[in-house]
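Notes follow the structure.
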Amino acid sequence: MCKNLGYYAKVIFFHKYWINICFFEEDLNTSNLLINWYQLNKRELPWRNTSDPYKIWLSEIILQQTRVQQGLPYFERFTHHYPTINDLASANEQDILLLWQGLGYYSRARNMHQTAKIIVDKYHGNFPSNYSEIIALKGIGEYTAAAIASFAFGLAYPVLDGNVYRVISRLFGIEKPIDTSQGKKEVTEALNLVFSQDNPGLFNQAIMEFGATHCTPKKPKCSTCIFNSKCEANRINKVESIPLKKGKTKVLKIKHTYLCLIFKKNTFIQQRTEGIWKNLYQFPLIEKYIGPNEIAKFLDNFLENTSNFKILDKYESKHILSHRKIDAIFYTIYVDTQPVFSKNNIFEIPLTEMSTKYPTSILTQNYLKNITHDQ
DNA sequence: AAGGCGGGGGT
DNA sequence: ACCCCAGCCTT
């Protein structure tokens with residue numbers, strides 16, 4: 001009786017997809033097909049061979065909006081430097097950012113550090129084991145909470161990431177844009193129909209792996225697919241256009257000029273305090289293009305004293321991000337007297353420490369590689 | 001609901 | 001060029 005009520009509720013909600021719903025209600029082995037496929041085709045990954053919630057959490061934070069291939073070396077680095085959550089909690093943020101350097105979305109590292117300290121202080125180093133406490137932690141949203149809950153503690157929460165959006169929307173032929181609340185709701189309901197309450201962790205791993213390596217965004221392997229006969233997107237020949245997104249991330253074009261002043265093997269840097277690359281370090285920045293003949297004027301603005309200078313190098317580079325396109329110029333400038341900056345957030349370090357002790361953006365790292373290569 | 005937040009790889 | 005990736009947070 002209850003089962004019937006649930007069934008009709010689903011059919012009513014999915015009136016548009018009712019044929020598929022009936023099909024999936026009858027065929028209860030969709031999750032089994034996925035799990036069987038997974039056990040035959042899964043990649044060997046280090047975080048799959050542990051039940052340590054710390055390692056699982058660490059891997060999930062690293063993998064947010066990040067491909068396995070890119071995150072893998074970072075996972076190895078972090079588990080090597082910080083084998084337990086206590087090690088991570090007692091580290092300082094600068095060292096953590098240094099280890100995170102190059103991975104992007106640096107708020108992940110800052111939030112991870114904050115959460116580690118909370119788990120040590122409030123939970124005595126034991127990762128909380130229920131969903132509501134897990135999702136309350138900084139940097140953990142619906143996806144990551146479900147992943148940790150199912151992988152580490154065997155709790156029945158389905159994960160919904162980019163892979164799952166794609167697999168489910170194609171399987172059910174959902175054409176509503178998935179970056180709308182309506183589209184998200186439809187995918188969530190459909191996911192609940194095929195989710196395995198008995199093997200939540202295995203099912204979650206399986207459907208994500210299937211999306212990552214088989215039901216891929218471009219050129220999915222439909223001809224050898226376990227769902228070839230029941231995939232609605234395949235049936236109506238819309239695999240390439242599903243899932244649909246409204247999209248429209250606009251790219252801002254901006255120009256940066258960095259002044260790398262060098263005085264007796266030392267240089268001068270500042271820490272960013274907000275926005276992109278927050279808490280990372282950089283050479284003094286002017287947020288527009290400065291020509292070589294304007295350098296004198298800007299040095300006067302930056303410095304309280306005057307100095308003879310010589311422009312050693314002009315390094316130009318373009319840096320592409322998902323929401324920025326930065327045209328940057330780096331000037332390498334030798335000065336012959338000790339600079340005194342009028343801005344007090346600029347401080348002096350040995351130039352060689354810029355690439356070893358201070359976390360910086362890839363943009364700055366590319367410049368550093370360039371000048372050290374020249375010398 | 002929309003926009004900010006990195007960097008790399010694929011097509 | 002554009003799209004996407006084991007998303008989250010703020011407004």
All conditions in (1) more than 18 Å from the chain's Cα centre (by Cα); (2) in a loop (DSSP other than H, G, I, E, B) are true of A:I118 except (2)
Filtering the stretch A:55-95 down to residues that are more than 15 Å from A:N111 (Cβ to Cβ), in contact with a Ser or Thr (Cβ under 8 Å, 6 or more places away or on another chain) and either not in a helix (DSSP H, G or I) or not aliphatic (A, V, I, L, M) (or both) yields A:K55, A:G71, A:F75
Filtering the stretch A:136-152 for residues that are in a helix (DSSP H, G or I) and within 16 Å of DNA strand B (Cβ to nearest atom) leaves a count of 3
Scanning the stretch A:195-216 for residues that are assigned to a loop (DSSP other than H, G, I, E, B) and within 16 Å of DNA strand B (Cβ to nearest atom) gives A:H214, A:C215, A:T216
Among A:K219, A:K245, A:K278, the single one that is open to solvent by 20 Å² or more (accessible area, probe 1.4 Å), in a loop (DSSP other than H, G, I, E, B) and in contact with a Pro (Cβ under 9 Å, 6 or more places away or on another chain) is A:K245
By my count, strands (runs of 3 or more DSSP E) wholly in the stretch A:296-374 with at least 2 residues that are without any contact (Cβ under 8 Å) to a residue 60 or more places away in the chain are A:309-320
Taking the stretch A:153-170 and keeping only residues that are farther than 15 Å from A:D198 by Cα, open to solvent by 10 Å² or more (accessible area, probe 1.4 Å) and in a helix (DSSP H, G or I), one is left with A:G162, A:N163, A:Y165, A:R166
Considering the stretch A:248-268, residues that are open to solvent by less than 40 Å² (accessible area, probe 1.4 Å) and under 29 Å from the mean Cα position of the chain (by Cα), and then whichever is nearest to DNA strand C (Cβ to nearest atom), we arrive at A:H256
Scanning the stretch A:288-328 for residues that are out of contact with any Phe, Trp or Tyr (no Cβ under 8 Å at 6 or more places or on another chain) and β-branched (V, I, T), the one surrounded by the most Cβ atoms within 10 Å (Cβ to Cβ) turns out to be A:I326
Taking the stretch A:88-142 and keeping residues among the β-branched types (V, I, T), open to solvent by 30 Å² or more (accessible area, probe 1.4 Å) and more than 10 Å from DNA strand C (Cβ to nearest atom) leaves A:I118, A:V120
Practice problem: Would you confirm whether any residue within the stretch A:298-311 is within 32 Å of the chain's Cα centre (by Cα) and either basic (K, R) or farther than 30 Å from A:R170 by Cβ (or both)? | Solution: no
Margin query: Take A:I19 and tell me if it is at pLDDT below 95, more than 27 Å from A:L103 (Cβ to Cβ) and hydrophobic (A, V, I, L, M, F, W, C).
Written below: yes
Per the list (1) within 30 Å of A:G291 (Cα to Cα); (2) surrounded by fewer than 18 Cβ atoms within 10 Å (Cβ to Cβ), residue check on A:P177 breaks on (1)
Kindly indicate whether A:I148 is open to solvent by 10 Å² or more (accessible area, probe 1.4 Å) and near DNA strand C (Cβ under 10 Å from one of its atoms).
no
Scanning the stretch A:210-247 for residues that are farther than 30 Å from A:L321 by Cβ and of a type in the set (G, A, S), the one nearest to DNA strand C (Cβ to nearest atom) turns out to be A:A233
From the option list A:E189, A:E232, single residue qualifying as touching a helix residue (DSSP H, G or I) at 6+ places or on another chain (Cβ under 8 Å), assigned by TED's automatic domain parsing to the domain that holds A:K42 and surrounded by fewer than 21 Cβ atoms within 10 Å (Cβ to Cβ) is A:E189
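The values are calculated or read from the model by the stated rules, or taken from the named source; none is laboratory data. As the structure is a prediction and not an experimental result, all values here were calculated from the model. Don't worry about glycine lacking a Cβ; one is built from the backbone with ideal geometry, like all the others, and counts go over all protein chains shown. Each accessible area value is taken on the protein alone, full model and side chains, heavy atoms only, with ligands, DNA and RNA left out. Shrake-Rupley method; radii C 1.70, N 1.55, O 1.52, S 1.80 Å.
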